[in-house]
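**Q** The structure under discussion is supplied below as structure tokens; questions concerning it will follow.
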Amino acid sequence: MTKIGIILGSTRPGRNGEAVARWVLEIASQRTDAEFELIDLLDYKLPHLDELVPPSLGQYSQPHTHAWAEKIGSLDGFIMVTPEYNHSTSAALKNAIDFLYTEWNNKAVGFVSYGSLSGARAVEHLRLIAAELQLADVRSQVALSLFHDFENFSVFKPGDFQVEALNTTIDQVLAWSNALAHLRAA
């Protein structure tokens, strides 16, 4: 069965992303066409990138990198839940992405973003990063507005139409993850 990781891309205290990621998992878990798992960056305790050689060489020396590589390597695709900080994604998510290379290759990724402009600029940056990592980013995304999908900018209350956007994103991530399976097997 196809395995999709839902990566919670914020480690900030009081983060809105936790409610968003749990909502993604709740909707995704109603499906029977894949297995979904929530991956919280807080659980991996990744410091600022501290490997001696570039990740493209796959010569990891740190235990935290090995644990992170094992988790990401075990998955077929991803949905990244990202805030928008200063017109980009979070430093924690970018750092976690930068630790690895091969483990990301030939997998699909979709995005669920949130922010004052619905996190659109964070996703644009992540799409550029995905291309370098040979991640196939899907067209559909979920863009959540702090003004419309959160009460008082902190209580997550997504509009009903967001469920349809999420299911479309999941459909595309699954289609591409399955299409790329032969490349991952090679």
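No lab work stands behind these numbers, since they all come straight from the coordinates. Computed from a predicted model, the values in this text were never measured in an experiment. For neighbour counting, all protein chains shown are included, and Cβ atoms are generated from backbone atoms with ideal geometry for every residue, glycine included.
**Q** Of all residues being hydrophobic (A, V, I, L, M, F, W, C) and out of contact with any Phe, Trp or Tyr (no Cβ under 9 Å at 6 or more places or on another chain) in region 42-55, which is nearest to Ile72 (Cα to Cα)? Just the residue, please.
**A** Here is the first cut: in region 42-55, the residues hydrophobic (A, V, I, L, M, F, W, C) are 42, 46, 49, 52-53.
If we keep only those that are out of contact with any Phe, Trp or Tyr (no Cβ under 9 Å at 6 or more places or on another chain) as well, we get 42, 52.
Numbers: Leu42: 15, Leu52: 20 Å.
Across region 42-55, the extreme among qualifying residues is Leu42.
**Q** What single numbered condition from (1) surrounded by fewer than 17 Cβ atoms within 10 Å (Cβ to Cβ); (2) small (Gly, Ala, Ser); (3) touching a Lys or Arg at 6+ places or on another chain (Cβ under 6 Å) fails to hold for Ser74?
**A** Answer for Ser74: the failing condition is (3).
**Q** Could you check region 1-52 and list, in sequence order, the residues that are farther than 21 Å from Thr168 by Cα, in contact with a Ser or Thr (Cβ under 7 Å, 6 or more places away or on another chain) and of a type in the set (A, V, I, L, M, F, W, C)?
**A** Selection gives Leu41, Leu42, Leu52.
**Q** If we scan region 24-35, do we find a residue that is of a type in the set (Ser, Thr, Tyr), over 20 Å from Phe111 (Cβ atoms) and part of a helix (DSSP H, G or I)?
**A** The answer is no; no qualifying residue exists.
**Q** Now for a separate question. Restricting region 66-118 to residues that are aliphatic (A, V, I, L, M) and part of a loop (DSSP other than H, G, I, E, B), which is farthest from Pro54 (Cα to Cα)?
**A** Per the stated criteria, the residue is Leu117.
**Q** Here is a further query. Can you name every residue in region 1-11 that is among the hydrophobic types (A, V, I, L, M, F, W, C) and surrounded by fewer than 17 Cβ atoms within 10 Å (Cβ to Cβ)?
**A** Residue satisfying the conditions is Met1 alone.
**Q** Right, Thr65: in contact (Cβ under 8 Å) with a residue 40 or more places away in the chain, among the hydroxyl-bearing types (Ser, Thr, Tyr) and at negative phi or not? Write out each step before concluding.
**A** Details: in contact (Cβ under 8 Å) with a residue 40 or more places away in the chain: no; among the hydroxyl-bearing types (Ser, Thr, Tyr): yes; at negative phi: yes.
So Thr65 does not fit the description; no.
**Q** Answer yes or no: is there a residue in region 12-28 that is surrounded by 15 or more Cβ atoms within 10 Å (Cβ to Cβ) and acidic (Asp, Glu).
**A** There is at least one residue in region 12-28 that is surrounded by 15 or more Cβ atoms within 10 Å (Cβ to Cβ) and acidic (Asp, Glu).
**Q** Considering only residues that are surrounded by fewer than 18 Cβ atoms within 10 Å (Cβ to Cβ) and more than 24 Å from Glu35 (Cβ to Cβ), which ones fall in region 57-71?
**A** Selection gives Leu57, Gly58, Gln59, Ser61, Gln62, Pro63, His64.
**Q** Only residues that are over 14 Å from the mean Cα position of the chain (by Cα), within 27 Å of Pro55 (Cα to Cα) and either surrounded by 15 or more Cβ atoms within 10 Å (Cβ to Cβ) or of a type in the set (Asp, Glu) (or both): list them for region 126-173, please.
**A** Glu132
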